[in-house]
Amino acid sequence: MNMMKTAMLLAAMTALFMGVGWLIGGTGGALIALVVAIGTNLFAWWNSDRVALSMHNAEPVTRASAPALHDLVAELARNAGLPMPKVYLIRSAQPNAFATGRSPENAAVAVTEGLMRNLSREELAGVIAHELAHVKHRDTLIMTIAATVAGAISMLAQFGLFFGGGRDRNPLGFVGVLLAVFLAPVAAMLIQMMISRTREYSADREGAAICGNPLWLSSALAKIASPALHTEMASAERNPASAHLFIVNPLSGKRMDSLFSTHPATENRIAALEQLAAEMGRSAPAPRRADRRQAAAPRATGGPSRLPRTGHRGERSGPWS
């Protein structure tokens, strides 16, 4: 089923690519766009994980540099029946996370500094379990291809603004170029949203099964939704086509559950998780003190680094401080 979804996504993106090419350069432009689309799809298929991670300057971490995080991911991967994914850290204060990779064997999970600072171990487990659910369902391939091709479509449309518009190549002339510039990125975004928004609910449910308690994820979502809205992630603002990869929308000012939102409304996701918890007979877990053995802050393998403490004196700032 997921292979069929991938094929449909590639077909839709390729058709859109060709449409942009035709608007810019007529039949010749459409043929050139077809060749570029095939190349982009192949590149995205084989390099989807590296593309997504490089967009956000994610740095690899190991068990030596982040034992608590590494062991938590390993435990949840075993629960999900998945190989151990690579683990990455994004240097951003915004609490967020995403997974990527064309298959479970090539998967990677990336979390931000802000996520590590603000969540308890249980809440972090809920977030990582959600991302592993995307890996298990192979959503990561679909969503990363969508991000890569959508970005390429936007670049092609911008290219046409400067080099297209001749009536000898495009029967619509400069009007066609303007249509490509303004409508193509919107169409690409809508295709991404059709995929992303439905997959979030599915990953929430599967993630709850992986970590064992839906309320861990619902608590995490409640805690990170507002900071994510008000804390800018520079890499996401530079690469908005990748917004749908994250567990919550990383773009500032995008909280409406509307046609143009990459994610379902957080309150709707929390309500669904609370209903699932009631069906499973789960209640809210009692808060527990952070395990001091997990106090070491994660370091990227590129060099030493320590996450600073956050929160006011006497407040819990997560198990990693």
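Do the conditions hold for Met13, that is, is it surrounded by 23 or more Cβ atoms within 10 Å (Cβ to Cβ), at pLDDT below 85 and either under 22 Å from the mean Cα position of the chain (by Cα) or not in a loop (DSSP other than H, G, I, E, B) (or both)?
yes
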What number of residues within segment 50-84 are within 28 Å of Ala208 (Cβ to Cβ) and of a type in the set (Lys, Arg)?
2
Scanning for something surrounded by fewer than 24 Cβ atoms within 10 Å (Cβ to Cβ), assigned to a strand (DSSP E or B) and modelled with pLDDT of 90 or more, does segment 135-155 turn up at least one residue?
no
Return yes when Ala58 is in contact with a strand residue (DSSP E or B) (Cβ under 8 Å, 6 or more places away or on another chain), small (Gly, Ala, Ser) and at pLDDT 90 or above and no when it is not.
yes
Within segment 45-68, track down each residue that is in a helix (DSSP H, G or I) and in contact with a helix residue (DSSP H, G or I) (Cβ under 7 Å, 6 or more places away or on another chain).
Trp45, Ser48, Asp49, Val51, Ala52, Met55, Ala68
May I ask you to verify whether Ser54 is under 23 Å from Met233 (Cα atoms) and under 18 Å from the mean Cα position of the chain (by Cα)?
yes
Please state which one of Leu132, Leu72 is aliphatic (A, V, I, L, M), closer than 23 Å to Arg269 by Cβ and surrounded by fewer than 24 Cβ atoms within 10 Å (Cβ to Cβ).
Leu72
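The values are calculated or read from the model by the stated rules, or taken from the named source; none is laboratory data. It should be emphasised that the depicted structure is a prediction, and the values quoted were computed from it without experimental measurement. So basically every Cβ, Gly included, is an ideal-geometry build from the backbone, and we count neighbours across all protein chains shown.
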